Amino acid sequence: MSEPKLATPLQRAALIARCWMAHDANWFAVVESSLGAETANRLSRSAAQAQGRFEALEVTRIFALPAITTLDEYLTAQELLLGLLAPGVLRHEIEVVDDETCRMRVTRCQVHENVVHRGVAGRYACGVAARIAGWLQGLGLRYALGPSADGCPLGRGEACVYTITVSPRPATRPRSPP
C-alpha cells in the first residue's frame, strides 16, 4: 500500500467539521430513540449554545480580538468563527438591513444534509441558531435572533433565514471558561 497523502490544514479542518456535524445527527438520533424528539432537541440546542459561547470566548482569547460592539464587527467575527470551526458546513448570504440588523440566508447546510441522511430531519430542530446565539453571547453582545428553531426550514422546503440584530453597547467581554 502506498503512503497516504497528507491533507492540507484546510482539508483537515473541513474533515473535522464534517465529522462534528455527523456526530450531531447521530447523537440526536440516539438520544431521540431513548428520550424522545422534544428532549433530544432541547438538549441539542442547549449544548450547541454552550458550545458557541465557548468557541467565541476561545477564538477571542487565542486571537486577542478586540471587544466586538457593532454589527459589522460581529459579522467579521462570525466569518472567522465559521471559517475556523465550521469550514464548508454552511453556504450563506448576508444582507445588511441597517446599522444593527442583518439577515443571514442559508443556501446549503451540512447539518440539514446529515439529519436527512440519518433519517431524522422531520423531527430535528436546528441547532445552528443556538450556536450563533452562543457566539453572540460569548462575544458579550446584546442581540435578538429570530426566528426560533422550529424544525428545519430546509427540511420543509422553506427558506432558512435568520435575522440578527446587535444592540450597541460598551466594550465589555465575558470571562473565558476554565
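The values are calculated or read from the model by the stated rules, or taken from the named source; none is laboratory data. Please read these numbers as outputs of a predicted model, since none were measured by experiment. Positions of Cβ are generated from backbone atoms using ideal geometry, with glycine treated the same way; all protein chains shown enter the neighbour counts.
Looking at region 72-93 only, could you name the residues that are surrounded by 19 or more Cβ atoms within 10 Å (Cβ to Cβ), closer than 18 Å to W20 by Cα and among the small types (G, A, S)?
Across region 72-93, the qualifying residue is only A86.
Is there a residue being closer than 17 Å to Y162 by Cα and either of a type in the set (G, A, S) or over 15 Å from the mean Cα position of the chain (by Cα) (or both) anywhere in region 22-45?
Taking every residue of region 22-45 in turn, none turns out to be closer than 17 Å to Y162 by Cα and either of a type in the set (G, A, S) or over 15 Å from the mean Cα position of the chain (by Cα) (or both).
Anything in region 94-123 that is closer than 16 Å to W20 by Cα, touching a residue at least 12 places away in the same chain (Cβ under 8 Å) and outside any strand (DSSP E or B)? List them, or say none.
Result: Q110, V111, H112, N114, V115, V116, H117, R118.
Is at least one residue of region 2-9 in contact with a Gly (Cβ under 9 Å, 6 or more places away or on another chain) and either modelled with pLDDT of 90 or more or over 15 Å from V111 (Cβ atoms) (or both)?
Looking for residues that are in contact with a Gly (Cβ under 9 Å, 6 or more places away or on another chain) and either modelled with pLDDT of 90 or more or over 15 Å from V111 (Cβ atoms) (or both), one finds none in region 2-9, hence no.
Would a scan of region 21-29 turn up a residue that is touching a Ser or Thr at 6+ places or on another chain (Cβ under 6 Å), in contact (Cβ under 8 Å) with a residue 60 or more places away in the chain and within 23 Å of P153 (Cα to Cα)?
Yes, the conditions are met somewhere in region 21-29.
With the requirement that a residue be surrounded by fewer than 17 Cβ atoms within 10 Å (Cβ to Cβ), among the aliphatic types (A, V, I, L, M) and closer than 25 Å to I132 by Cβ, what does region 1-13 give you?
L10
Can you tell me which residue in region 31-70 is surrounded by the fewest Cβ atoms within 10 Å (Cβ to Cβ), limited to those that are of a type outside the set (S, T, N, Q) and in a loop (DSSP other than H, G, I, E, B)?
Step by step, filter region 31-70, then rank; the result is A64.
When only residues in region 101-127 that are closer than 22 Å to R142 by Cβ and surrounded by fewer than 17 Cβ atoms within 10 Å (Cβ to Cβ) count, which is farthest from the chain's Cα centre (by Cα)?
So, considering only residues that are closer than 22 Å to R142 by Cβ and surrounded by fewer than 17 Cβ atoms within 10 Å (Cβ to Cβ), the one farthest from the chain's Cα centre (by Cα) is T101.
When the residues of region 38-68 are narrowed to those that are among the charged types (D, E, K, R) and touching a helix residue (DSSP H, G or I) at 6+ places or on another chain (Cβ under 8 Å), which ends up nearest to A129 (Cα to Cα)?
Within region 38-68, the match that is nearest to A129 (Cα to Cα) is R45.
Taking into account only those residues within region 136-168 that are among the hydrophobic types (A, V, I, L, M, F, W, C) and outside any strand (DSSP E or B), which is nearest to the chain's Cα centre (by Cα)?
L136
Report, by residue number, each residue of region 69-98 that is of a type in the set (A, V, I, L, M), more than 17 Å from Q137 (Cβ to Cβ) and touching a helix residue (DSSP H, G or I) at 6+ places or on another chain (Cβ under 8 Å).
L84, A86, V89, L90, I94, V96
For region 131-152, what are the residues that are over 13 Å from L71 (Cβ atoms) and touching a residue at least 40 places away in the same chain (Cβ under 8 Å)?
R131, I132, A133, G134, W135, Q137, G138, G140, A149, C152
Of the conditions (1) at pLDDT below 75; (2) surrounded by 11 or more Cβ atoms within 10 Å (Cβ to Cβ), A171 clears all except one; give me its number.
(2)
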